[in-house]
Every structure is written in structure tokens, then in C-alpha cells.
Amino acid sequence: MDTIMTTDHWLKSSHSSANGDCVELTRSLDRIRDSKDPDGPTLNVNVRELVRAVKDGRFDH
């Protein structure tokens, strides 16, 4: 598997706790990652669509 090196700028919420339990997203809003594992995998996602789905309650049980 090839490794893709990028210089993405990652953003973390100012409301995140000191223990790092949060997700970060790229400035381009196309990938997210676990802030505790910055060298780990990332998830390609349309963040705007994800936020819209959350606000619409599509993930409510």
C-alpha cells in the first residue's frame, strides 16, 4: 500500500478537552481523523453533508 504524504492543515475544536478525545478535520473539509492518533487513518468525507445529516437527525436512534 502506498503512503500519501500531505501537508494538510488540521483543525481541532477549541472546545476539545485536554485529553484529546475529539476528531480533527482538514481546512478543506474533506477528511477527518482521531486526534489521539494523528498518524493513523483518515476518513474521506464531505463534512458539510455530514453536519447537515446530523442536524437533520439522520443518526438519531
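Key figures for this structure:
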| item | result |
| --- | --- |
| Close pairs (8 angstrom Cβ cut-off, 6 or more residues apart or separate chains): in a loop (DSSP other than H, G, I, E, B) in region 8-19, open to solvent by 100 Å² or more (accessible area, probe 1.4 Å) and modelled with pLDDT of 70 or more anywhere | ASP8/ARG27; HIS9/ARG27 |
| Single match in GLY40, GLY20 (criterion: open to solvent by less than 100 Å² (accessible area, probe 1.4 Å) and either touching a Cys at 6+ places or on another chain (Cβ under 6 Å) or modelled with pLDDT of 90 or more (or both)) | GLY40 |
| Cβ pairs under 6 Å, 6+ apart, first in region 32-51 and over 16 Å from ASP8 (Cβ atoms), second surrounded by 10 or more Cβ atoms within 10 Å (Cβ to Cβ) | LYS36/GLY20 |
| Filter result (of a type in the set (Lys, Arg) and modelled with pLDDT of 90 or more) within region 43-61 | ARG52, LYS55, ARG58 |
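The values are calculated or read from the model by the stated rules, or taken from the named source; none is laboratory data. Everything numeric in this text was worked out from a predicted model, so none of it was measured. Cβ atoms come from the backbone with ideal geometry, glycine included; neighbour counts cover every protein chain shown. When the accessible area is computed, the model is the full protein with side chains, heavy atoms only, and any ligands, DNA or RNA have been set aside. Shrake-Rupley method; radii C 1.70, N 1.55, O 1.52, S 1.80 Å.
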